[in-house]
Amino acid sequence: MGFLMLKKNKRFWQRVALQSHYDAVIIGGGLHGLATAYFLARQHGMTNVAVVEKEYIGFGGAGRNTAIVRANQRTPENIPLYREALELWPVLTEELDFNLMFNNCGNLNLMHSEAAMNAARMNVATAQFHGVESHLIDARQCKELVPALNISEDITFPIIGAMYHPPGGILRHDAVVWGLAKSASRLGVHIHQHTETTSIGVENHKIVSVDTNRGKIYTPRVLLAAGGYSAAISYAMLGIKLPISVLTIQAMVTQPLKPILDHVVSSGAYHAYANQTLKGEIATGAHMDPWPNYTTHTTAYYIKHQAEALAELLPCLRGVKFMRHWAGLADMTPDMAPILDGNDLIEGYYMDCGWGYFGFKSCAATGKYMAQFMASGQCSDILKPFALRRFAQHRLMGETAALVNYSPDN
Amino acid sequence: MSLIIRCPICGKRSAYEFRYGGEDKGPRPDEDSLTPESWCDYVHMNQCVAGIQKEWWCHRDGCGLWFTIHRDTINNLEVQHPEAQS
Ligand SMILES: Cc1cc2nc3c(=O)[nH]c(=O)nc-3n(C[C@H](O)[C@H](O)[C@H](O)COP(=O)(O)OP(=O)(O)OC[C@H]3O[C@@H](n4cnc5c(N)ncnc54)[C@H](O)[C@@H]3O)c2cc1C
Ligand SMILES: [Zn+2]
């Protein structure tokens with residue numbers, strides 16, 4: 001029956017022949033590639049655009065993330081971008097005519113020491129200054145919001161308070177991929193799945209072409225939006241090294257339960273976060289391998305870690321079974337901020353990568369501004385702080401308060 | 001997947017006993033001819049090879065030795081003699 005329905009219904013995006021010329025080629029059918037393609041077509045009338053995806057759209061982080069969104073970042077450079085991204089979800093739901101299942105249940109970022117509370121005070125002040133709702137609350141208020149939370153003194157890291165961010169929450173991550181792909185395709189963008197970029201052609205410091213396993217494409221513009229594979233592509237195809245470490249990051253879900261958790265709860269000390277999906281599963285992450293690799297393998301080590309953390313933070317989950325466990329790649333930068341750049345080293349070459357584990361929440365606004373950048377050649381002010389040159393200029397951003405043990409440098 | 005690393009002193013141990021020390025980038029650049037770009041290249045930039053790379057490790061929870069190994073980043077296996085193979 002399901003099979004018949006699938007056959008009857010039209011595909012969300014068209015399958016089309018690969019052309020030999022496009023005005024822009026986007027490498028990667030993930031969140032950032034699809035969002036940029038959508039805005040290029042919708043806001044700039046650039047429809048002769050190809051998204052080339054080596055597997056299927058959503059194969060990368062786009063289909064593996066836990067879909068948490070928030071805008072309470074730490075630095076004045078980052079907050080405006082995430083704020084706009086957060087505000088775009090209801091707008092996109094309408095524009096794409098696709099239910100993205102935005103559940104703005106609010107986020108509770110737990111603090112387990114006075115020092116952490118002080119750091120949170122600064123975060124809250126920065127967020128409020130930029131018009132993002134964020135409050136500091138004590139343990140008792142945490143318990144009122146999330147009755148399942150264990151605020152006793154008798155755990156490894158007792159809860160002292162939390163940074164409470166009411167407008168954040170979760171979405172359906174697949175819906176974002178499908179909604180963007182459907183609308184981009186309707187507007188004329190070509191989405192080529194199973195099309196792997198194998199080299200990038202440059203002449204006189206200008207982009208001229210992209211080679212794929214299905215043929216050569218001539219184009220004056222390329223966007224690198226290959227998620228965890230971006231740094232390897234950049235070095236192998238253009239000789240441009242990026243300040244990125246690629247780590248496998250894991251997440252899992254439990255069996256479905258009746259509603260017990262109506263906020264996203266996260267803890268740096270326990271290195272765990274959890275929320276309840278609309279299906280009832282507790283979705284929880286996120287362990288990162290402490291060394292770079294492209295395996296996307298899961299580990300028993302992490303199942304044990306997560307069970308221990310959840311059993312302390314949310315004791316009602318003791319005995320609940322994990323159902324699925326998966327992993328993806330996180331392309332981490334030293335300052336936990338992305339690389340958004342273009343037209344600098346090579347004319348027509350644009351980059352949107354280094355998103356680590358923040359690339360879901362940011363994709364809508366970033367796609368909008370990257371599209372504007374690619375259509376006009378002019379970088380808007382909101383993207384300027386994220387240029388690759390910041391690393392040589394020692395202008396790293398201070399997002400590292402959220403730092404986890406991901407690299408040799410911390 | 002787990003990773004087993006061979007420490008030159010202690011032998012094969014779980015990688016969770018070690019601390020990853022980054023891609024091998026050769027010697028530290030000479031101070032005299034140092035530019036912001038060359039320093040940035042040494043400190044921050046990576047090749048992120050999807051394949052075999054030479055890299056630094058420290059046996060943090062063991063003997064404390066710093067040493068290099070070759071590892072395939074696609075399957076997380078230490079490779080003994082990559083030069084001899086290719
Ligand atoms: C377990 C996990 C949990 C996460 N949780 C969150 C979260 O809660 N909130 C949040 O904001 N972020 C989260 N993230 C991060 C988020 O998923 C990523 O930052 C985001 O997907 C990055 O988007 P992207 O478009 O850059 O890359 P991707 O979505 O990874 O897309 C890149 C695409 O490029 C394709 N590609 C690669 N090489 C080539 C090539 N040579 N030619 C053609 N195509 C190629 C890939 O197949 C892939 O489909 C999580 C990630 C993981 C893995
Ligand atoms: Zn040793």
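The values are calculated or read from the model by the stated rules, or taken from the named source; none is laboratory data. Computed from a prediction, not measured in an experiment: that's the story for all the values here. Virtual Cβ from ideal backbone geometry, glycine too; neighbours counted across all protein chains shown. Just so you know, the surface numbers come from the protein's heavy atoms only, side chains and all, with ligands and any DNA or RNA stripped out. Shrake-Rupley method; radii C 1.70, N 1.55, O 1.52, S 1.80 Å.
Observations, loosely collected:
- Close pairs (7 angstrom Cβ cut-off, 6 or more residues apart or separate chains): within 14 Å of chain B (Cβ to nearest Cβ) in the range A:368-395, among the aliphatic types (A, V, I, L, M) and in a loop (DSSP other than H, G, I, E, B) anywhere: A:R390/A:L396
- Residues in the range A:106-122 that are touching a Leu at 6+ places or on another chain (Cβ under 9 Å) and open to solvent by less than 50 Å² (accessible area, probe 1.4 Å): 7 in all.
- Members of the range A:130-156 that are open to solvent by 80 Å² or more (accessible area, probe 1.4 Å) and either touching a residue at least 40 places away in the same chain (Cβ under 8 Å) or among the hydroxyl-bearing types (S, T, Y) (or both): A:T156
- Scanning the range B:22-42 for residues that are closer than 23 Å to A:A236 by Cβ and facing another protein chain (nearest Cβ under 8 Å) yields B:G22, B:E37, B:C40, B:D41.
- Qualifying strands (runs of 3 or more DSSP E) (wholly inside the range A:277-355; at least 3 residues being open to solvent by 20 Å² or more (accessible area, probe 1.4 Å) and outside the structural domain of A:H394 (by TED's automatic domain parsing)): A:322-332
- Of the strands (runs of 3 or more DSSP E) that lie entirely inside the range A:181-227, not one contains 3 or more residues that are crowded, with 23+ Cβ neighbours inside 10 Å and more than 25 Å from the chain's Cα centre (by Cα).
- Residue match in the range B:70-77 (condition: under 17 Å from A:P290 (Cα atoms), within 16 Å of ligand 1 (Cβ to nearest atom), out of contact with any Pro (no Cβ under 9 Å at 6 or more places or on another chain) and aliphatic (A, V, I, L, M)): yes
- There is no residue in the range A:234-252 that is more than 14 Å from ligand 1 (Cβ to nearest atom) and more than 14 Å from chain B (Cβ to nearest Cβ).
- Listed by position, the strands (runs of 3 or more DSSP E) inside chain B whose residues that are open to solvent by less than 40 Å² (accessible area, probe 1.4 Å) number at least 2 are B:4-7, B:19-23, B:52-58, B:66-72.
- Scope the range A:48-82; condition within 14 Å of ligand 1 (Cβ to nearest atom) and open to solvent by 20 Å² or more (accessible area, probe 1.4 Å); matching residues: A:K54, A:E55, A:Y56, A:F59, A:G60, A:G61, A:G63, A:R64, A:N65, A:T66, A:I68, A:R70
- Residue in the range B:52-69 that is among the small types (G, A, S) and either facing chain A (nearest Cβ under 9 Å) or within 16 Å of ligand 2 (Cβ to nearest atom) (or both) present: yes
- Complete set of residues in the range B:6-17 that are more than 8 Å from chain A (Cβ to nearest Cβ) and within 19 Å of A:Y302 (Cα to Cα): B:R13, B:S14, B:E17
- Flag if A:G319 is more than 16 Å from ligand 2 (Cβ to nearest atom), closer than 25 Å to A:I26 by Cβ and away from chain B (no Cβ under 14 Å): no
- Scanning the range A:20-52 for residues that are in contact with a strand residue (DSSP E or B) (Cβ under 7 Å, 6 or more places away or on another chain) and not hydrophobic (A, V, I, L, M, F, W, C) yields a total of 8.
- Index of the failed condition, A:A37 passing every other in (1) surrounded by 24 or more Cβ atoms within 10 Å (Cβ to Cβ); (2) among the aliphatic types (A, V, I, L, M); (3) not assigned by TED's automatic domain parsing to the domain that holds A:L340: (3)
- Hey, A:E94 open to solvent by 50 Å² or more (accessible area, probe 1.4 Å) and farther than 19 Å from A:P166 by Cβ or not: yes
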